[in-house]
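J.: Below: one structure in structure tokens.
Just so it is clear, none of the values below were taken in a lab; they were calculated from the coordinates. Note that the structure is predicted; figures quoted are calculated from it, not measured. Here Cβ is always computed from backbone atoms with ideal geometry, including for glycine, and neighbour counts include all displayed protein chains.
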């Protein structure tokens, strides 16, 4: 993926650029808002990672608002220390697609940008989601594996659906909280883990090939083992 | 030449005299007589107190107090008129 | 050269005085008062002198009509007769008539010549006439009759003029008195305003200078100024609270966050000093990353509490169904309870609408459930319920079977980072209840902690979270 990173902190920029390049992406970095806006408007990128507080008179919000008003629909992820909910809302309302607060886990960043980049393709309405021999029917809300019906609670269904829509991608715990439960809150203990393990028991137990994997320090992924 | 000078002096005076306020002339002895004559025309039918009033008026006029005389005569005439 | 500077200050002071609200109010009062007086005077004038003027004009008009009829009926002779009749009964001697021919000769009437002011045909004019050598004012009307004859009808306006003069003098004096009253009244008004405001202004000044304990003294009148003072005092109390909160946060940060930061540092330093193989070094680094994440979450939680306490989230209030939030919370923590073999019993009405911050309310319920699951032993029961205790209120109750909170600890439970002794060993930052309290306050409610079974060895904690359902 062609990624533009607009970040004025040199350390963070170095860290992010290196990590993303190692993950196979091409990263362009600028350190101020004006240059960022110019580059984003003149060259095609698959994704923009923007800090919000930038020098040069043009901040992250301005960049997104300008791009959106020009009809530029490139996905934008805000990477910023401004973490209050109001700020998140501001960022998303301005046209951003996701919002990650510093300090962040690199795995989280990676998982989120890959989810963003893949999104358009997944917008195609599907009635069935399939991973290996696991099949989820969205119309009848049923889960079957190798033809055998698996009983799941509604929330577990949504969890599974989300994992399958992002099959092969890392889905972090925070992402699950936001997308499956539609809340922004911080559970004191890892309740998400408990839900995933319950789901895993239903989906993987008794079958020889486990589909739901834990990705260390990152989150979860559903995938047919190669 | 003297003529012209005199005119120049007296012309403004004359003009001034012309601009002096018009005078009300209803306070003269002649007017007294006029009013007296009016009353006489109707005296016969007039009540006694009015005739007395008129007589007083004429008396005052004769004594030279034309103002008061005229006033009384007018009063008598007015009362008489109202009575009609 | 002190003098010029002083002058400048003096002018500035004058300027400030003129711009002051007290002065403006007082000036407004004075202007209104004087305007009222002038209105009164005008009405009076219109009613008296004005009436007399109108009466004179009406009388002249009536006469004019009568004499014009006479002219039409019998020409100059008839008019002469008519004039004579009128004069004969003119007791007041106020009427003025003059009939002249083309040459300007007097045919009838009681004026000796035509007045200059009444030259224009049809004109109404004012001029002076002489009566017994005295000049008196007159109102005159020039009535043209034909090419040669013209008629003058008028009235003696002495009475009217006398009344006008009398009235003008009286009104002028009254106006002077009114001005004096207006100025005095304005000064009194300004004084009264300044007096009432003095207390509030003095308090504000003292506070600005740094004495935050001052409050506006209130009088017994309970008027608008007292309401202002009350509002100011309420505001100052709130600022007090917030400042205490801020101090509390910085205290907590200073004291309790240093520990995990120190721990993380120690761990890294230790790894540096000791000769370790790559594998164990990696393990140490991973643990440190987790530590730093933990610190980050504590910061986040602190910020959320501060946000809630500052009431900043009120702007984001929206209507939502509390029953849905409870269901979701029960679902999330139900799985956790199941893990520990615990039962989660739930009970609430089908729909519980309210206005507030959905995320914050969920966070509060989540914190309470988290505690309940954590402190109840395996196999125990947790109860989550909600009801409407009174109109406009919503109540959420979480009961567990843990050690509960000692009465003396309950008061401190809302303090940030406070951990009652039994819980020090368990994971958690001690911010949970602090946030619940803040959320309660934000929603106009409160948090009450009590025992489920008072007197028992493990009485269990009952947390009652009351919220106002309206914004």
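J.: Can you list, bin by bin at 20 Å, the percent of alpha carbon pairs in the protein assembly as shown, starting at 0?
T.: Answer for the protein assembly as shown: a P(r) of 11, 26, 17, 10, 10, 14, 10, 1, 0 percent.
J.: Considering only DSSP beta bridges with both partners in the protein assembly as shown, what is the antiparallel share in %, to the nearest 5?
T.: 75 percent
J.: On C-alpha positions alone, give me the angle between the axis of helix C:432-442 and the longest principal axis of chain C, in degrees, nearest 10.
T.: 10 degrees
J.: I would also like to ask the following. Assuming R0 = 56 Å, can you tell me the calculated FRET efficiency for the pair residue C:165 and residue C:390, based on Cβ-Cβ distance, to the nearest 0.05? Provide the component values of the computation, followed by the final result.
T.: Values: r = 78 Å, r/R0 = 1.40.
About 0.10, to the nearest 0.05.
J.: What is the antiparallel percent of DSSP beta bridges lying wholly in chain C, to the nearest 5? Mind dumping the intermediate values first?
T.: Working: 46 of 51 bridges.
Of those bridges, close to 90 percent are antiparallel.
J.: Mean projection of the alpha-carbon convex hull of the stretch C:346-394 over all orientations, in nm²?
T.: Answer in nm², one decimal: 4.1.
J.: Let me ask something additional. Please compute the Cα-Cα pair-distance distribution of the stretch C:257-312 with 5 Å bins starting at 0, giving whole percents from short to long.
T.: Histogramming the stretch C:257-312 at 5 Å steps yields 4, 18, 21, 17, 12, 9, 7, 5, 3, 2, 0 percent.
J.: To continue, here is another question. Could you list, bin by bin from short to long, the percent of Cα-Cα pairs of the stretch C:313-468 in 5 Å steps?
T.: 2, 9, 19, 24, 21, 15, 7, 2, 0
J.: Hey, with R₀ at 56 Å, roughly what FRET efficiency would residue C:224 and residue A:43 work out to, going by the Cβ-Cβ distance, to 0.05?
T.: 0.30
J.: As an exercise, use a Förster radius of 45 Å and the Cβ-Cβ distance of residue C:91 and residue C:27 to find the FRET efficiency, rounded to the nearest 0.05.
T.: 0.25
J.: Convex hull over the alpha-carbon atoms of the stretch A:2-122: what's its volume per residue in Å³?
T.: Normalising the Cα hull of the stretch A:2-122 by residue number yields 99 Å³.
J.: For the protein assembly as shown, what is the calculated [θ] at 222 nm in deg cm²/dmol (nearest 500), taking -39500 (n - 2.57) for each run of four or more DSSP H residues and dividing by its residue count? Kindly include the intermediate steps, with their values, before the conclusion.
T.: On the way: 23 runs with 426 residues, N = 781.
The helix contribution divided over the protein assembly as shown gives -18500 deg cm²/dmol.
J.: Extent of the stretch C:279-365 along each principal axis, from alpha carbon coordinates, in Å, largest to smallest?
T.: Sorted largest first, the three principal extents are 55, 39, 14 Å.
J.: The stretch C:130-173 to the stretch B:56-79: how many Å between their Cα centroids?
T.: First find each Cα centre; the distance between them is then 25 Å.
J.: Could you work out the mean count of beta carbons from other protein chains within 10 Å of each residue's beta carbon in A:191-198?
T.: Across A:191-198, the average partner-chain Cβ count within 10 Å equals 5.
J.: To continue, here is another question. Going by C-beta contacts inside 10 Å, put C:461, A:138 in order with the fewest on the left.
T.: Fewest-to-most Cβ neighbours within 10 Å comes out as A:138, C:461.
J.: If you don't mind, there's one more thing I want to ask. Based on the Cα coordinates of chain C, what is the per residue volume of their convex hull in Å³?
T.: 397 Å³
J.: Let me ask something else about it. Roughly what angle does helix A:191-204 make with the longest principal axis of chain A, taking Cα atoms, 0 to 90 degrees, to the nearest 10?
T.: Result, in degrees: 40.
J.: Additional query: Calculate the translational D of the stretch C:20-213 in whole µm² s⁻¹ from Stokes-Einstein, where the hydrodynamic radius comes from the Kirkwood formula applied to all Cα pairs, the temperature is 4 °C and the viscosity 1.567 mPa s.
T.: Roughly 61 µm²/s, to the nearest whole number.
J.: Using only the Cα atoms of the stretch C:85-190, what are the Rg and Dmax in Å?
T.: Spelled out, the Cα radius of gyration and Dmax of the stretch C:85-190 are 21.3, 73 Å.
J.: Pairing the Cα long axis of helix A:106-122 with the longest principal axis of chain A, what angle in degrees results, from 0 to 90 and rounded to the nearest 10?
T.: 80 degrees
J.: Output the antiparallel fraction of DSSP beta bridges having both residues in chain A, as a percent to the nearest 5.
T.: Within chain A, antiparallel bridges account for around 50 percent of the total.
J.: Let me ask another. Average partner chain C-beta neighbours within 10 Å, per residue of C:109-121?
T.: Partner-chain Cβ atoms within 10 Å, mean over residues of C:109-121: 3.
J.: Arranged by the count of other C-beta atoms within 10 angstrom, fewest first, what order do A:152, C:439, C:77 take?
T.: Fewest-to-most Cβ neighbours within 10 Å comes out as C:77, A:152, C:439.
J.: With each label point set 7 Å from Cα along the Cα-Cβ vector, what nm distance links residue A:72 and residue A:128?
T.: In this crude label model, residue A:72 to residue A:128 measures out at 4.2 nm.
J.: Need the full-extension length gain, residue C:266 to residue C:45, defined as separation in residues times 0.36 nm minus the C-alpha distance. One decimal, nm.
T.: Once the chain is fully extended between residue C:266 and residue C:45, it gains 69.6 nm.
J.: A further question on this structure: Above 29 angstrom, tally the Cα pairs of chain A and express them as a % of all pairs, no decimals. Can you show the working numbers first?
T.: Values: 8397 of 25425 pairs.
Taking all Cα-Cα pairs of chain A, the fraction more than 29 Å apart is 33 percent.
J.: Would you order A:127, C:100 from fewest to most other beta-carbon atoms within 10 Å of each residue's own beta-carbon?
T.: Taking fewest neighbouring Cβ atoms as first place, the list is A:127, C:100.
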